[in-house]
Each structure stands twice: as structure tokens, then as C-alpha cells.
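*Asks:* Below you'll find the structure I mean.
What follows is calculated from the coordinates using simple rules that are stated; it is not laboratory data. If you're wondering where the values come from, they're calculated on a predicted model, not measured in any experiment. When we count neighbours, we look across all protein chains shown, and the Cβ atoms used for this are built from the backbone with ideal geometry, even at glycine.
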Protein chains: 2
Amino acid sequence: MAGPEREPPAVFAKTAHNRIRRVFEYARYERAEVYRILDAGFVCHIGYSIDRQPYATPTAYWRQGDRVYWHGSSASRMIRALAGGAPLCFTVALFDGLVLARSGFQTSVNYRSVMAFGSAEKVEGRDAKLAALEAMMERLVPGRWDELRPATEQELKATTVLSMALDEAVAKVSEGPPDDAAADCALDIWAGVVPVRLATGAPEDDPKLKPGLAAPAYLDKIRLD
Amino acid sequence: MAGPEREPPAVFAKTAHNRIRRVFEYARYERAEVYRILDAGFVCHIGYSIDRQPYATPTAYWRQGDRVYWHGSSASRMIRALAGGAPLCFTVALFDGLVLARSGFQTSVNYRSVMAFGSAEKVEGRDAKLAALEAMMERLVPGRWDELRPATEQELKATTVLSMALDEAVAKVSEGPPDDAAADCALDIWAGVVPVRLATGAPEDDPKLKPGLAAPAYLDKIRLD
């Protein structure tokens, strides 16, 4: 469900939560950059607390407009805690490479990440819920939704969809070759980047597949990053 | 630094934090299974709070014995908060495939995950710190440590290594084909799994590489999962 009509700011304001304090050259406060990273990933980790115990729970997510969405069983502790409006941290981290410098200290990882802060709201109403779940499928496997057996009322009831407005967010991007000092670059040590990416393999038929059904062409459009 | 000598239990006890309540068929409490997953991954997300604001922070980690380790700048807020003994949730999630069922409801993701609960301790002392950093490099790029320009005292001082005992942990494993009901399996809808894995690409030389240095053979041993 879309948030209230408004034009969100093109650059996120720096707050106590999203301000990058140390490696500030990695920080990106532009909304467009945050969206680019969110739209490339498909799994987030949500930080929240229940009875003062922190949790970091991985789950699939998607973005619609200026909100991120995720879903789960209506019986899930995480979903119930967050649907109640508990403060949360929504994190997406995509890994692009191992940066192999000439010292351990400069060795690092290239990544694109987003952290967003706020609290979640339940998507209410049958139509809004279905529209959100369709958007999720369209993100993961574009073109598949219309083929699926439609959701039953029971399934919809068992599913809670949450969303959070992207009001307080920041991206971090670490990219490029190692940043060794000139003296280190003169050493006889190989340095460079080993690229990393999330790759999809050839589809594997369900053993219970009805004979004669071929893997659909839209599977080639899956982009998970 | 290794924890005190003791034989850790082969099966984690179920507690308020690590007991899987809903999809209990996915739960694995065996220590060996938890270690297998931890040893396959290289990035965790740490859930913790600062001033009641939850955070989920991604960082590289490694395992030694019955402890997990991670490191960071001694000036990092996350590192400082956790070095003070704040409760945390240590999560590793590895994604193995998109499970494309015949309904949205049964559509899911195959994954292996670990959640561990506790609090961190600082690795104290120059030698223990160096040994831990060597273990990290050995996990990420086996064979590289001895080639590197040794750490300076300043670099060691700027780096904090944290570790946490694996006392309260659980794994979850979701694998295999979709779990559609028989009636759905009879529909004319393709179903199956699209495998996903973290792939490494060909090493890219640092533009500042000293001429004549070739990418080392040990790069082939990198296994990130």
C-alpha cells in the first residue's frame, strides 16, 4: 500500500541514527542511490528487540515507492512484535568483492548497503494485501504472478504484510581497488579484488511436476544481486 | 582467543531465545550443523541496541572452536557498544534458492541460517589479536597471511577483535522442492527451484600492482558460499 501522497526529499536528512560517523566517504544520502541498492537486493535483515533481547532476522523484502515491504506468518513473533510499532533497523547488504590489499589492515570487502530506521505498519485490507504480494512476486520472478493459483482467504489471513516508510535512511558504498599506501604498493605482494556476486543456476523441476511442463522463459528475468 | 577449556554440549539446549516455535521442522540444534553453516558463510548481521534503537549491522566473521569472531575499528560505535557487553544476536543467513511453488503462499526461499545469542568479549593482548586476525585471513583467503606486510602496532591498536561463545544457538535449514498440496500439483503451472549461490569471479589486479606480479594460486581456494 502506498504511503500518503507527498514528495519525499531527494536527500535524506542526517539524524542521530543514519549519520555515518567514520568512513563518511562511503556514505550516500541520496534517495535515488538508496533505492538503487534496495531494488538490487532481495533479502534484508531486520534489527528489533523483544523483551530487551535484540534480534537480527533475515527476510525477503521489496520496495514500492517510498516504502519497503516484507511479509511473514501472522503467527510469527517477529511479525507480531513489529506490527505493534516497535522501533526497527532495516538493513540490506550486497557483497561485491573481496578487496585483497597488501596488509591485513587494508584488506576489506566491497559492498553496497542500506540502513533505514523507523517502525512498521500492517498493510490492511484484502486488496491492498494482494497488491503488495503481487508486487513482491513481480520483484522476485517478474511475470509469474498471473500464472499462480490464486490465494485463498485462509492463506491471506495467515499472511501479514508489513511496510515501513523510508524517512530515515542512508546507503554506504565501498568499491574499487585496495587503498594501499605507496610504500606498500612497492612490495612484491599481489593485490586486487576478487569479485563476488549472487548467481542463479539452471531451474530444477519439482519432482511432482505435471509431465510436459517446461520451465517458463520469465525465469531468465530473475535479478537478485 | 579460545574460551576456557571445556567440552561444549553436542546439542544446544532450547531457551526462550533460540527455540524455534513455528517451522520447527527446519530447526537444527546440533552443534555440528551450526558449525557447518557458520563455516560456509563469511558475513553475519549483528543485532544490538544503542539507546534503545535497534541496529542490524553486517560484518565479516569467522569461527574458531566454540566461538565466533568479528573485528572492526576501535572507534566504531558498534564495536564500542558490543565490547561493553551489550546483549546481541549474531545471525548468518545463506541463500540457496528460490522455491517457486504453484501458489504465492507456498513460494519461499531455501536457506541455511544460524542465530546465536549472548554478548561479546574483546580479544586482549597483541599475540591473541594477531592470531585471531590470522585465523580470519585463513578463513577468507587461505594461504595469504604469511605474504602480507605485517601489521604495525598502530594498526593493531586501531583494530578491535570481538568474540562470542556459542552457548545459545540454533540453525534453520529450508531445502528441497516446493511443498504444494496434491491438488495444486495437478495444475498446469511449472514449479521448481531456481538455485542461488555466491559466486566468485576472476581476480582483478590492483591498478597500482607492481609489474610482473601474477594473481596467486591460493585465490582458487576461496569459498564464501
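*Asks:* Mind checking which lysines have their Cα closer than 21 Å to the Cα of A:Lys129? Skip sequence neighbours fewer than 8 apart in that chain.
*Replies:* List returned: A:Lys157.
*Asks:* With bins 10 Å wide starting at 0, give me the P(r) of segment A:40-153 over every alpha carbon pair, in whole percents.
*Replies:* Final binned percentages: 11, 37, 29, 16, 5, 1.
*Asks:* In segment B:164-187, whose amide N lies under 17 Å from the spot 7 Å out along Cα-to-Cβ of B:Phe24? List them in ranges.
*Replies:* Correct set: B:170-173.
*Asks:* Between B:Ile79, B:Ile189, B:Ile46, which gets the highest mean-square fluctuation from a Gaussian network model of chain B, Cα cutoff 10 Å?
*Replies:* Result: B:Ile189 has the largest fluctuation of those listed.
*Asks:* Also, quick follow-up: Select from segment A:89-197 those GluC sites (Glu not before Pro) which occupy a DSSP coil region and have at most 11 other Cβ atoms within 10 Å, ordered by residue number.
*Replies:* On the way: sites: A:Glu121, A:Glu124, A:Glu134, A:Glu138, A:Glu147, A:Glu153, A:Glu155, A:Glu168, A:Glu175; in loops: A:Glu124, A:Glu175.
Here the sparse-neighbourhood loop sites are A:Glu124.
*Asks:* Further question: Give me the inter-chain shielding for B:101-111: mean count of other chain Cβ atoms within 10 Å, whole number please. Display every interim value, and only then the final one.
*Replies:* Details: counts 3, 7, 6, 15, 10, 3, 9, 1, 6, 0, 3.
Per-residue shielding by partner chains comes out at 6.
*Asks:* Kirkwood hydrodynamic radius, the protein assembly as shown, all distinct C-alpha pairs: what's the number in Å? Provide the component values of the computation, followed by the final result.
*Replies:* Values: mean 1/r = 0.0432 Å⁻¹.
It is 23.1 Å.
*Asks:* Can you give the direction-averaged projected area of the convex hull of the alpha-carbon atoms in segment B:13-103, in nm²?
*Replies:* Details: hull surface 33.0 nm².
For the Cα atoms of segment B:13-103, the hull's average projected area reads 8.3 nm².
*Asks:* Could you tell me the ratio Rg/Rh of segment B:152-225? Both radii from Cα atoms, Rh via Kirkwood.
*Replies:* On the Cα set of segment B:152-225, Rg over Rh gives 1.20.
*Asks:* Can you give me the relative contact order of segment B:24-221 as a percent, contacts being Cα pairs under 8 Å and 6 or more apart?
*Replies:* Numbers: 339 pairs, mean separation 52.8, N = 198.
Relative contact order for segment B:24-221 comes out at 27 percent.
*Asks:* Largest first and in whole Å, what are the equivalent-ellipsoid semi-axes of segment A:24-221 based on the Cα gyration tensor, each being the root of 5 times an eigenvalue?
*Replies:* Working: eigenvalues 264, 120, 42 Å².
They are 36, 25, 14 Å, listed from largest to smallest.
*Asks:* Mean shadow of segment A:52-101, computed from the convex hull of its alpha carbons, in nm²?
*Replies:* On the way: hull surface 23.4 nm².
Taking the Cα atoms of segment A:52-101, their convex hull projects to 5.8 nm² on average.
*Asks:* Quick one: what does P(r) look like for segment B:113-199 with 5 Å bins over all Cα pairs, in whole %?
*Replies:* 2, 9, 13, 12, 13, 10, 10, 7, 6, 6, 5, 4, 2, 0
*Asks:* Please identify every one of the trypsin sites (Lys or Arg not before Pro) in segment A:1-65 that sits in a loop by DSSP and has no more than 15 other beta carbons within 10 Å of its own beta carbon. Could the numbers behind the result be given before it?
*Replies:* Working: sites: A:Arg6, A:Lys14, A:Arg19, A:Arg21, A:Arg22, A:Arg28, A:Arg31, A:Arg36, A:Arg52, A:Arg63; in loops: A:Arg6, A:Lys14, A:Arg19, A:Arg21, A:Arg22, A:Arg52.
Those satisfying the criteria are A:Arg6, A:Lys14, A:Arg19, A:Arg21, A:Arg22, A:Arg52.
*Asks:* Between B:Ala16 and B:Asp39, how many nm apart are label points set 7 Å from Cα along the C-beta direction?
*Replies:* 3.4 nm
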